[in-house]
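The values are calculated or read from the model by the stated rules, or taken from the named source; none is laboratory data. In this text the structure is predicted, and so the values were computed from the model without any measurement. All Cβ positions, even for glycine, are placed from backbone atoms using ideal geometry, and neighbour counts span all protein chains on display.
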Amino acid sequence: MDFDFNEEQSMLRDSLDRLLADKYGFEKRNAIMAQPEGWSPDMWQAYAEMGLMALPFAEEDGGLGGTPVETMIVMESFGKALALEPYFPTVVLGGGLLRMAGSPEQRAEFLPQVAAGDLKLAFAHTERNARYDLNHVETSAEKDGGDWVLSGTKNVVLGGGDADYLLVTARTSGDARDENGIGIFIVDAKAEGLSRRGYKTQDGQRAADLTLDKVKVAAERVIGDPGNGLPAIRRLADSAIAALCAEAIGVMGQLHALTLEYLKVRKQFGVPIGVFQVLQHDAVDMFVAMEQARSMALYATMMADSNDDEERGRAMNAAKAEIGRAGKLVGETAIQLHGGVGMTMEYAVGHYFKRMTMIDIAFGDHDHHLRQLAAGGGLFA
């Protein structure tokens, strides 16, 4: 199988890498992170002008008709730069859910604005008691004539503080853990009864907790069947995992590169510490783990658009489990070889390890996906 990028994909990767290398050095990133938004509106506009926002969407929806491969390229580059802009919440999550499950009218209303960089979205699904179970939804949605009324709370909504619209999951029937009875609702961020508490996450990204107090949603703002939203949520989660795996490869690549450079310049006993064989072995272990993870990230990308739910789910379980294992090894080894400086806020390697840790937690950590994979009989059951 040919894993080489075509000419257009190579140009996308090279152009984005150049942009980020020029505009997103470590000190510049710190300055961007200190801004009120926590990300750069100028970079957001630059991404839009490059067509990054439009990549995953069909041409009839105002997009460029890209594939998961293009998303992989973008996310890996963002991982290298530790980009802070809400691309993942808006394009991969919010836009992805509309792309997969939205009606033609909903796609026509929202996706061209997302593709132009004029609209930010967030996917509000996680709740305090849910852990990693996608079917655990306590937020309620009750019928009010032809409309719906939402009440409940959502936690750690990525990009939720800046989003113009929130795609909120709520229970229309059944108990908190039932697989049926989950709806998906498009909620205006300015809706009466909705409050948001934004904050910075451990890796410098932004998230928000939401409180919905009898928020009214019109019938035309329901995505798909209000009683059967879980299949779309699971498919979105698989697409998100593939994107996060690609970002993790960018993060691990930088952890490895920074560590190699440090081994060359840090001296002990009058010589660079990189001459010591045991440290060379550690660097090789980092490289091997990263390349194994890269193979699984490619596999996840290949499977992201599969219509076989079981096979796609097993692929994402395997990829996320391997990414978590490899990311921990690469990150911990990088910190260990840097010594005390690796733990400081003034040095980049610690920031990369924080992001790698947050990627592991998102949509299920290593242990969760390993259990899921084992329960399903393994990757090739």
The lone exception for E60 - which of (1) under 30 Å from A219 (Cα atoms); (2) touching a Phe, Trp or Tyr at 6+ places or on another chain (Cβ under 9 Å); (3) surrounded by fewer than 24 Cβ atoms within 10 Å (Cβ to Cβ) it fails: (2)
Pick from segment 164-201, criterion within 13 Å of G152 (Cα to Cα) and among the charged types (D, E, K, R), ranking: surrounded by the fewest Cβ atoms within 10 Å (Cβ to Cβ): R196
Hits in segment 98-126 - residues which are of a type outside the set (G, A, S), closer than 24 Å to A46 by Cα and assigned to a helix (DSSP H, G or I): L98, R99, R107, E109, F110, L111, P112, Q113, V114
Among (1) at pLDDT 95 or above; (2) among the small types (G, A, S); (3) surrounded by fewer than 23 Cβ atoms within 10 Å (Cβ to Cβ); (4) not in a helix (DSSP H, G or I) - the single one G378 does not satisfy: (1)
Conditions (1) free of Cβ contacts under 8 Å to residues at least 24 places away in the same chain; (2) surrounded by fewer than 19 Cβ atoms within 10 Å (Cβ to Cβ); (3) assigned to a helix (DSSP H, G or I); (4) in contact with a helix residue (DSSP H, G or I) (Cβ under 8 Å, 6 or more places away or on another chain): number failed by G342: (2)
Matching option when the condition is at pLDDT 95 or above and closer than 30 Å to R294 by Cα, among I223, I241, I186: I241
Check on Y347, of a type in the set (S, T, Y), under 28 Å from the mean Cα position of the chain (by Cα) and over 30 Å from A232 (Cα atoms): yes
Which listed residue is of a type outside the set (S, T, N, Q) and either at pLDDT 95 or above or under 18 Å from the mean Cα position of the chain (by Cα) (or both), from A116, A34: A116
Residue within segment 349-357 that is crowded, with 19+ Cβ neighbours inside 10 Å, in contact (Cβ under 8 Å) with a residue 24 or more places away in the chain, aliphatic (A, V, I, L, M) and part of a helix (DSSP H, G or I) present: yes
Among (1) free of Cβ contacts under 8 Å to residues at least 24 places away in the same chain; (2) within 19 Å of R294 (Cα to Cα) - the single one L370 does not satisfy: (1)
Residues satisfying the stated conditions in segment 1-58, i.e. farther than 28 Å from L298 by Cα and aromatic (F, W, Y): W39
Elements of type strands (runs of 3 or more DSSP E) contained in segment 127-186, each with 3 or more residues being within 22 Å of H368 (Cα to Cα): 147-158
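Matching residues to (1) touching a helix residue (DSSP H, G or I) at 6+ places or on another chain (Cβ under 8 Å); (2) in the same structural domain as Y352 (by TED's automatic domain parsing); (3) hydroxyl-bearing (S, T, Y):
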{"site": "R196", "(1), (2), (3)": "no, no, no"}
{"site": "Y199", "(1), (2), (3)": "no, no, yes"}
{"site": "A207", "(1), (2), (3)": "no, no, no"}
{"site": "L210", "(1), (2), (3)": "no, no, no"}
{"site": "V215", "(1), (2), (3)": "no, no, no"}
{"site": "C245", "(1), (2), (3)": "yes, yes, no"}
Segment 205-246, residues that are of a type in the set (D, E) and either within 26 Å of S77 (Cβ to Cβ) or assigned to a strand (DSSP E or B) (or both): D209, D213, D238
Residue, surrounded by the most Cβ atoms within 10 Å (Cβ to Cβ), within segment 1-57, restricted to residues that are under 30 Å from P104 (Cα atoms) and among the polar types (S, T, N, Q): Q9
